[in-house]
Amino acid sequence: MRFGLPFRRASVALVSLVCLTTPGWAQQAALPTPESVLGFRPGDDFKLATYEESLAYFRRLDQASDRLTLVEVGKTSEGRPWYVALISSPENLKNIERYRGIAERLAHPTGLTDVEAHRLAREGKAFVDISGGLHASEVAGAQHTIQLAYDLLASAEEPKTKAILDNVILFLWPSLNPDGQSIVANWYRENVGTPYEVSPLHELYQKYVGHDNNRDAYMLNVPESRVVSRTWRHWEPQVIYVHHQTAPFPTRIWLPPFAEPIATRVAGLMSREVNAIGMLIAQGLEANGQVGATHMGTGFDAWYPGYIDYMPMLQNIASFWTETALYRYATPHFYTIDEFPKSMRDLRAGTLYASPWPGGWWRLRDAVDYMRTASVSVLDYAAKYREELLYNRYQAGRDAIHRYEREPPYAYFVLQAQHDPMAAAELLRRLAFNGIRVSQLGTDATHEGATYPSGTWVIPMNQEFAELARQVLEAQEYPDLREYPDGPPEQPYDAAGWTLPYQMDVRVIAAKEPLSNGFRAALVPLTGDSAGASAAPDAPLTSNPSAAAIVPPPGRITGAGPHLALDPAENNAFRFLNRALGVGGTVRFEPGTGTASGRYVVAGVAEDKVAHWVEELRVHAVRSTNAGGALVRSRIAEYKPWRASMDEGWTRWLFDQYGFSYATITNTDFQAGELGQRFDAILLASDSPRGLRDGYAKGSVPPRYEGGIGDDGVRALDVFVRNGGTLICLNASSDFAIEQLHLPVKNVVAGLDSKEFFASGSILEVSVDPAHPVMAGMSERARVFVEDSPVFTTLEGFEGVALAKYQAEGSPRLSGYLLGEKHLQKYAAALDVHHGKGHVILLGFRPQWRGQPFGTFRVVFNAVLFGGELAAKQWGTAGFWSAPPVSVKPVAAKSP
């Protein structure tokens, strides 16, 4: 069955109606086995079910059982209808809205007493959310959900299962990545039985983001993240469990507790709950004879809050993932003891690895069975501790409210006047979508001696999800963890720092003193109109009424003259430029005065379009009599390697979000040459020099996906730049350009030991030259996200200018972790290298990392527009940077 969206308006009547009238429930059909529908058992060697096949099976279960109903929750990026299965007793499903209401009330405890909460916990049912397949190449998860659903329904009258179904309402996602499940299954089917049976994919298994689909929880940049968040905010589960497959070899499954460090703002009660669940899963596996479970100390820390399967901890949900062993797809593999690390060949039992796996065959079926046992263990825990789970959800939220009534920060203030006013709204809408309440001053109000104007946004911290707000708004300081005092630092599993105000260049002020009654009286909650909640299947941010109520200042046009100037400080200015170019308008770049930033000047667009775009995009446009300077051309290409690249995917996401017209080129385009006849600018997303040049090795993938840019492609790229083209290299791809084009530039941190220098996944401060068109719109002091990023100096023969530099003294770290700041001091973070008649833009940071650093998006936009007539001029501020001396011989340039 399908529940209408938005859930709150449609689910009550529809559930009751279907439960009472559906003929299939009045007269039960025989319960179909998975093999009777799929033609094989989930987990069979060499067999994978696509999402379409999985959904067809769940539809059959829906028809056959009164203990399962399908709910459509939205659509995927590729337009697939997306469903979750509700599994519980018939009585619970008939009363689903009552139990949902209890879960929601306990999740949002304002106005609720402990006595009332205990009563609701006794009356309620535990909501448990289980899924697999998020990382689609980890194939067992989405196969195990098929078997799990059947097993629960087939054993419904057995005492253990009956207790689960009576006390738990299971939300079972057939797949948390439907598009990816079908992409991977179809790829495997195409190659099974050939030499390429276990070949890696040549494309991302989720549009734009691939593996980063589990890094988008707080940013909500892709539809899948928003659909999942919307679903969880509607049902408010107490447990969320996502299956993965990357167990540290030779263990068979990794389980919580997590390694150190964990997110600093997670409620201790939630961490304890997850730890208990992890241990009980291990016990369930052990009792079932499934050996090889391990815990912590394996690199899976929970520091970064962007995981979709961990961020809910900051919303007071026991949320976690596990990692089951995987060979490749559905192909079995036999492991001998000689393949084990030497330290583990003695099969010695340990405290957290009590029953070592001895080796032998490992099949997809084994992984499916381990996952089934783990899932049932979680459900058994929820059934036995149903009341505690429900009350703990309430208690963690209650404690967060009380905490921030007693200690700072008491609130966060976000002024409407920002470097880019839209960025502030983008930040706050994401928080609101994730359940954080935002208010706005209805009148001017004073706090701590400062007057905040009417319209200022305020996040009061006495709310149940306050820790999520604090976790993403405050600066991070990753702990210095080492195995021994002089040893290398333990590297974070993911990012070390992510502070959104820094990344998005939004000024956020923390209230150190309690808000006065008068200040609170001036606050107007931004709740929006719930009756107007959008049922859009891709769940845009503004489909959430509270997020939609966060409205940036209106657009406006000032000044007089026939031309329209736009400030590149506003990211939406580039949406405007691209629309103008799309209707035949012209765009020119007008330089600033002295060291000031330039701006873009638009002409040739109808007045009604101009007025509409200014209003819609909320930009500030200035009428001008100045026609501008150099003409801006936009023949842009982005290289897509066959080694699926998330950075390349995020770059496409960025271009598509802001309306850029661009071509996607592959190896054959480079090898065909004549690039300058088609393009003014070519962008290489972050990738290793070897990966870009060589790609997949011969024989490792089907021949059409072998190789990289190659020698011929490098020569064509060199000719392209020398003849006047612009090459933009993001982060690691800068090393490729330095090596292959023989640029007189050195990456000064290349080869440094991590004991000497480490700065991955952190936010650093740099000085930039906004007078250069690539840095137009940037503040003179900017924050950049670095991740294994190069740091530049120049060698003899260098021609060009620095775009960004690190200061000569002090640490540039703002958030995250930095060891060895001396290796940054005085060096460049970005360069414009003149190469023949053209330019190579080297960016030693991640300007579009996971769609988060709105404050550096404009660097990418400016760079791809920096070509043709604009790039032919001389740019840069004299004296902005001088390269420190280095004792390195210049590399002799080779003729193309």
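The values are calculated or read from the model by the stated rules, or taken from the named source; none is laboratory data. For clarity, every value in this text was computed on a predicted model and none was experimentally measured. Don't worry about glycine lacking a Cβ; one is built from the backbone with ideal geometry, like all the others, and counts go over all protein chains shown. For the accessible areas, the whole protein counts, side chains as well, though only heavy atoms, and no ligand, DNA or RNA atoms are used. Shrake-Rupley method; radii C 1.70, N 1.55, O 1.52, S 1.80 Å.
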inquiry  = Need a quick list: helices (runs of 4 or more DSSP H) entirely within the stretch 485-558 having at least 1 residues that are open to solvent by less than 50 Å² (accessible area, probe 1.4 Å) and free of Cβ contacts under 8 Å to residues at least 40 places away in the same chain.
reply    = 545-548
Filter pass, residue 756 being of a type in the set (Asp, Glu), touching a residue at least 40 places away in the same chain (Cβ under 8 Å) and touching a Gly at 6+ places or on another chain (Cβ under 7 Å) = yes
ask   = residue 321 fails exactly one of the following numbered conditions: (1) in a helix (DSSP H, G or I); (2) within 19 Å of residue 126 (Cα to Cα). What is the number of that condition?
value = (1)
request  = Output the number of the condition that residue 253 fails; it satisfies all remaining conditions of (1) of a type outside the set (Ser, Thr, Tyr); (2) over 30 Å from residue 109 (Cα atoms); (3) open to solvent by 10 Å² or more (accessible area, probe 1.4 Å).
outcome  = (3)
request  = Mind listing just one residue for me: the one in the stretch 776-820 that is small (Gly, Ala, Ser) and part of a strand (DSSP E or B) and, of those, nearest to residue 743 (Cα to Cα)?
outcome  = 800
note = When the stretch 821-851 is checked residue by residue, the ones that are assigned to a loop (DSSP other than H, G, I, E, B), closer than 20 Å to residue 687 by Cα and either touching a Lys or Arg at 6+ places or on another chain (Cβ under 7 Å) or open to solvent by 10 Å² or more (accessible area, probe 1.4 Å) (or both) are 846
request  = Enumerate the pairs (first residue in the stretch 252-265 and over 23 Å from residue 327 (Cα atoms); second residue anywhere and outside any loop (DSSP other than H, G, I, E, B) and among the polar types (S, T, N, Q)) with beta-carbon separation below 7 Å, excluding pairs fewer than 6 apart on the same chain, so at least 6 apart or on different chains.
outcome  = 257/275; 262/271; 263/471; 265/471
inquiry  = List pairs: first residue in the stretch 841-867 and within 20 Å of residue 720 (Cβ to Cβ) and touching a residue at least 40 places away in the same chain (Cβ under 8 Å), second residue assigned to a helix (DSSP H, G or I) and open to solvent by 10 Å² or more (accessible area, probe 1.4 Å) anywhere in the structure, Cβ distance under 8 angstrom, at least six positions apart or on different chains.
reply    = 842/738
Lone qualifier among 630, 611, 697 - being among the aliphatic types (A, V, I, L, M) and more than 30 Å from residue 561 (Cα to Cα) = 697
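Take the residues of the stretch 43-68 that are polar (S, T, N, Q) and within 30 Å of the chain's Cα centre (by Cα): which is surrounded by the most Cβ atoms within 10 Å (Cβ to Cβ)? So that I can check it myself, show each step before the final result.
Residues of the stretch 43-68 polar (S, T, N, Q): 50, 54, 63, 65.
Right, trim to within 30 Å of the chain's Cα centre (by Cα) and you get 50, 54.
Values: 50: 19, 54: 28.
Looking at the filtered set, the residue picked out is 54.
State all residues of the stretch 706-718 that are outside any loop (DSSP other than H, G, I, E, B) and open to solvent by less than 30 Å² (accessible area, probe 1.4 Å); if no residue qualifies, say none. Give the steps one after another, and end with the answer.
At the first step, the residues of the stretch 706-718 found to be outside any loop (DSSP other than H, G, I, E, B) are 707, 710-718.
Answer for the stretch 706-718, where residues must be outside any loop (DSSP other than H, G, I, E, B) and open to solvent by less than 30 Å² (accessible area, probe 1.4 Å): 707, 710, 713, 714, 716, 717, 718.
Identify the residue in the stretch 773-796 that is aliphatic (A, V, I, L, M) and open to solvent by 10 Å² or more (accessible area, probe 1.4 Å) and, among all such residues, is nearest to residue 685 (Cα to Cα). Before the answer, list the steps.
As a first pass, look at the stretch 773-796 and keep what is aliphatic (A, V, I, L, M): 774-776, 778, 782, 784, 786, 791, 795.
Subsequent filtering for residues that are open to solvent by 10 Å² or more (accessible area, probe 1.4 Å) retains 778, 795.
Working: 778: 21, 795: 25 Å.
Taking the candidates together, the pick is 778.
Could you tell me whether the stretch 332-350 includes any residue that is of a type in the set (Val, Ile, Thr), surrounded by fewer than 22 Cβ atoms within 10 Å (Cβ to Cβ) and not in a loop (DSSP other than H, G, I, E, B)? Working first, answer last.
Restricting attention to the stretch 332-350, the residues satisfying the condition of being of a type in the set (Val, Ile, Thr) are 336-337.
From the residues that got through so far, the ones that are surrounded by fewer than 22 Cβ atoms within 10 Å (Cβ to Cβ) too are 336-337.
The next check asks that each one be not in a loop (DSSP other than H, G, I, E, B); those that pass are 337.
Looking through the stretch 332-350, at least one residue is of a type in the set (Val, Ile, Thr), surrounded by fewer than 22 Cβ atoms within 10 Å (Cβ to Cβ) and not in a loop (DSSP other than H, G, I, E, B).
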task = Scan the stretch 605-628 and give yes if some residue there is under 30 Å from residue 802 (Cα atoms), in a strand (DSSP E or B) and at pLDDT below 95, otherwise no.
result = no
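Could you list, in sequence order, the residues of the stretch 455-473 that are touching a residue at least 60 places away in the same chain (Cβ under 8 Å) and assigned to a loop (DSSP other than H, G, I, E, B)?
From the stretch 455-473, those touching a residue at least 60 places away in the same chain (Cβ under 8 Å) are 455, 457-458, 460, 462-468, 470-473; that's our starting set.
455, 462, 463, 464, 465 - these are the residues of the stretch 455-473 that are touching a residue at least 60 places away in the same chain (Cβ under 8 Å) and assigned to a loop (DSSP other than H, G, I, E, B).
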ask   = Quick one: would you say residue 368 is closer than 17 Å to residue 238 by Cα, open to solvent by less than 20 Å² (accessible area, probe 1.4 Å) and touching a residue at least 24 places away in the same chain (Cβ under 8 Å)?
value = no
note = Note on the stretch 100-136: residues under 28 Å from the mean Cα position of the chain (by Cα), assigned to a loop (DSSP other than H, G, I, E, B) and surrounded by fewer than 22 Cβ atoms within 10 Å (Cβ to Cβ) are 108
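Restricting attention to the stretch 295-307, which residues are at pLDDT 95 or above and open to solvent by 10 Å² or more (accessible area, probe 1.4 Å)? I'd like the intermediate steps shown before the answer.
Pass one, the stretch 295-307, residues at pLDDT 95 or above: 303-307.
Matches in the stretch 295-307: 303 only.
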query = open to solvent by 20 Å² or more (accessible area, probe 1.4 Å) and of a type in the set (Gly, Ala, Ser): does that describe residue 810?
reply = yes
inquiry  = Looking at the stretch 682-698, I want the residues that are open to solvent by 20 Å² or more (accessible area, probe 1.4 Å) and have a partner that is hydrophobic (A, V, I, L, M, F, W, C) and assigned to a helix (DSSP H, G or I) with Cβ atoms under 8 Å, at least 6 apart or on another chain. Which pairs are those?
reply    = 687/736; 688/736; 689/736; 693/714; 693/736
ask   = Any idea which of 160, 207 is open to solvent by 20 Å² or more (accessible area, probe 1.4 Å), in contact (Cβ under 8 Å) with a residue 12 or more places away in the chain and under 26 Å from residue 67 (Cβ atoms)?
value = 160
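Would you confirm whether or not the stretch 189-197 contains a residue that is modelled with pLDDT of 95 or more and buried (at least 20 other Cβ atoms within 10 Å of the Cβ)?
Within the stretch 189-197, the first condition is being modelled with pLDDT of 95 or more, and the residues that meet it are 189-197.
In the following step, the residues that additionally are buried (at least 20 other Cβ atoms within 10 Å of the Cβ) were identified as none.
No, the conditions are met nowhere in the stretch 189-197.
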inquiry  = Checking the structure you have, find out if any residue of the stretch 676-686 is at pLDDT 95 or above, under 16 Å from residue 838 (Cα atoms), small (Gly, Ala, Ser) and part of a helix (DSSP H, G or I).
reply    = yes
